[in-house]
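Working notes for the structure below.
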Amino acid sequence: MSLIETSSLGKRFNDTEAVKQLNLSVREGACTALLGPNGAGKTTTLNMLTGLMKPTEGTIQFDAAYEGDRRNYLGYLPQYPKFFGWMSGEEYLIFAAELAGLPKKQAKISASEMLELIGLQDDGKKRISGYSGGMKQRLGIAQALVHSPKLIILDEPVSALDPIGRREVLELMKRLKTHTSILFSTHVLHDAEEVSDDIFIMNKGTVVIEGSLRELQQTHQKPAFFLETEKSPEEWLHTLKEQDWVVDWELDHHRLMITVDNMEKARANLLKDEHLHELKLVKFEVAKTSLEDLFMKVIS
């Protein structure tokens, strides 16, 4: 079942089409990644879904089972959240809960529950000015959750974090999947692969690839060989073009990725190729193309 979906959604700024003819569907109970390079239209899309920005065209439909303004059922964390440094984490969450319409008593209970959920129960009385980047981002997610929304929307939740903070937030997102539906944007495909169930890849304002993580892996990941040689393989590549088992290749100095359609045939031919051995192999690795390879291909 779709919790929220768009039909031919578009947003124009003067002569620039930031988002065009976007059809997006977010399943209830799923973690959905909106993936794309900077400028792909991800933030504009999220701003329209949250109601912060009006679309130029198209429609946004929330599950009819939840009546009224869809904003009552949404939680939102912007890419660059702002905090009152003089507040404690607990005070900030109580403030956010009351803004969302919770009575004061319920706001305190919910704030306490959120602090425990995000692992800040021992730091709730501390001023936010003393929080690390990862702690602030977890607090930002907590304020998006404090009123028990059906869907939380996170705009680039880990992009500005160091490796430790990034790991903290990704682990939190994995736990949150059991509590609520998640839609988040990112330009890092590895993050999308790690936590998401469904993936939409955007480029230049439109979705170019979509599907569940498993579907994309099964459809687009191909067997491949990663080779590295001491001598340049450029001349040898001319002979490789003639092989019927070769699908594609990418050369980066002395490093080469060869995508094939028949793993066994390719392996046998490569291992007995005397010209390849003359290049002095440093690395010969059997693998599969990653979704990052797909990502780079569709946005180029």
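Stokes-Einstein at 20 °C, 1.002 mPa s, Kirkwood radius from Cα pairs: D for the stretch 7-129 in µm² s⁻¹?
Numbers: Rh = 17.0 Å.
After rounding, the answer is 126 µm²/s.
Kindly provide the Kirkwood hydrodynamic radius of the stretch 42-91 in Å, to one decimal, from all pairs of distinct alpha carbon atoms. Mind dumping the intermediate values first?
Details: mean 1/r = 0.0752 Å⁻¹.
About 13.3 Å, per the Kirkwood formula over Cα pairs.
Computed over the chain, the quotient of the alpha carbon radius of gyration and 2.2 N^0.38 Å is 1.23.
For the stretch 155-195, what is Rg from Cα atoms divided by 2.2 N^0.38 Å, rounded to two decimals?
Working: Rg = 9.7 Å, N = 41, 2.2 N^0.38 = 9.0 Å.
Relative to the 2.2 N^0.38 Å estimate, the stretch 155-195 comes out at 1.08.
Exceedance of the 24 Å cut-off in Cα-Cα distance is limited, within the set Lys11/Lys82; Lys272/Lys297; Lys11/Lys204; Lys82/Lys297; Lys136/Lys177, to Lys11/Lys82; Lys272/Lys297; Lys82/Lys297.
For a straight C-alpha distance cut-off of 16 angstrom, the lysines reachable from Lys241 (same-chain residues fewer than eight places away being disregarded) are Lys265. Taking each DSSP H run with n ≥ 4 as -39500 (n - 2.57) and averaging over every residue of the chain yields -10000 deg cm²/dmol at 222 nm.
One quarter of the convex hull surface, Cα atoms only: what value does that give for the stretch 64-216 in nm²?
Details: hull surface 40.4 nm².
For the stretch 64-216, the mean projected area of the Cα convex hull comes to 10.1 nm².
Note on Lys283: aspartates and glutamates with a C-alpha under 12 Å away, same-chain residues under 8 apart excluded, are Glu228, Glu230. Out of all Cα-Cα pairs in the stretch 129-214, roughly what percent, to the nearest whole number, are more than 19 Å apart? Cα-Cα pairs in the stretch 129-214 separated by more than 19 Å: 39 percent. Legend: Rg and Dmax of the stretch 221-299, from Cα coordinates, 12.1, 37 Å.
At a 10 angstrom cut-off on C-beta neighbours, averaged per residue, how do the peptides 181-187, 130-136 rank from highest to lowest? Could you put the intermediate results ahead of the total?
Numbers: 181-187: 23.7, 130-136: 17.1.
Listed from highest to lowest mean packing, they are 181-187, 130-136.
With N as its number of residues, the stretch 193-260 has a Cα radius of gyration that, divided by 2.2 N^0.38 Å, comes to 1.48. A cut-off under 11 angstrom between Cβ atoms defines the neighbours of Glu17, and their net charge, with Lys, Arg +1 and Asp, Glu -1, is +2. With a sphere of radius 13 Å drawn around the Cβ of Leu99, what net charge do the other residues whose Cβ falls strictly inside it have (Lys, Arg +1; Asp, Glu -1)? Summing Lys and Arg as +1 and Asp and Glu as -1 gives 0.
A short reminder: the numbers here are calculations on the coordinates, not readings from a lab. The shown structure was predicted, so the numbers you read here are calculated from the model rather than taken from an experiment. Using ideal geometry, Cβ is built from the backbone for each residue, glycine included, and neighbour counts are taken over all protein chains shown.
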